[in-house]
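Heads up, the thing below is written out as structure tokens.
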Amino acid sequence: MHDILVQVGALLVGAIPTAALFIVLVVAYQILVQGPLTETLRKRYALTEGAIEDSRKAIELAEMRTAEYAEKLRMARADAYKIREQRMRQWNAEREAALEAARKAASGRVSAARAGIESESAAARASIEASAADLARQAVRAILPASAGGSR
């Protein structure tokens with residue numbers, strides 16, 4: 001057993017330089033490779049995440065602008081419809097005013113024509129009434145002979 005302990009002790013003493021070299025290599029790996037690699041990966045992740053975040057912000061901004069433009073377009077259409085309705089009302093009012101003026105003018109002409117016809121009718125009646133007696137006398141003379149008692 002003693003031999004075994006001596007051999008284990010000799011192995012441990014021989015393993016010290018290997019263990020020290022292993023520790024030095026691990027520390028050197030941490031300093032030379034792992035640290036810069038971790039830093040590079042962190043930077044790359046930050047840039048990637050930053051780009052993704054920037055793209056999300058750009059998408060949100062584009063959606064907001066699209067919503068704004070849609071709202072402005074809706075308002076412009078509503079204004080156009082209001083203006084169109086107002087013009088239609090105005091044109092209808094102008095048309096109605098022109099029709100009313102034409103009706104009044106036509107009514108005035110009809111009234112004047114009626115008055116003219118009535119005055120002509122009254123004149124014709126007066127003329128007929130005035131000549132009715134003469135016509136009656138002429139009819140009596142034409143029907144009744146002069147010898148039947150008619151006087152000439």
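Points to keep in mind about this one:
- Gain in span if fully extended, A130 to Q30, counting 0.36 nm per residue against the direct Cα distance: 21.5 nm
- For the range 82-93, 3J(HN,Hα) per residue [Karplus equation, 6.51 cos²θ - 1.76 cosθ + 1.60, θ = phi - 60°, Hz, x = Gly/Pro]: 4, 5, 4, 4, 4, 5, 4, 4, 5, 5, 5, 5
- An ellipsoid equivalent to the range 67-145, defined through the eigenvalues of its Cα gyration tensor, has semi-axes of 73, 9, 4 Å when rounded to whole angstrom and sorted largest first.
- Summing +1 for each Lys or Arg and -1 for each Asp or Glu among the other residues whose beta-carbon sits under 11 angstrom from that of A51 gives 0.
- Computed over neighbours whose Cβ is under 12 Å from that of S107, the net charge equals +3, Lys and Arg +1, Asp and Glu -1.
- Between 0 and 90 degrees, the angle of helix 2-29 with respect to the longest Cα principal axis of the chain falls at about 40 degrees.
- Length gained on full extension, I59 to L144, computed as 0.36 nm times the residue gap minus the Cα-Cα distance: 18.6 nm.
- Cα-based equivalent ellipsoid, the range 2-139: semi-axes from gyration tensor eigenvalues, Å: 128, 11, 6
- Within the range 73-111: backbone nitrogen closer than 17 Å to the E118 label point (7 Å, Cα to C-beta): 107-111
- For A93, the shell of other residues with beta-carbons less than 12 Å away shows a net charge of 0, using +1 for Lys and Arg and -1 for Asp and Glu.
- Phi-based couplings in Hz for the range 65-72 (Karplus 6.51, -1.76, 1.60; Gly and Pro marked x): 5, 4, 5, 4, 5, 5, 5, 5
- Stretchable slack from A102 to Q86, in nm (0.36 nm times residue separation minus alpha-carbon distance): 3.4 nm
Coordinate-derived values only; no laboratory data. Note that the structure is a prediction, hence the values are computed from the model and not measured. As a convention, Cβ positions derive from the backbone with ideal geometry for all residues, glycine included, and neighbour counts pool all protein chains shown.
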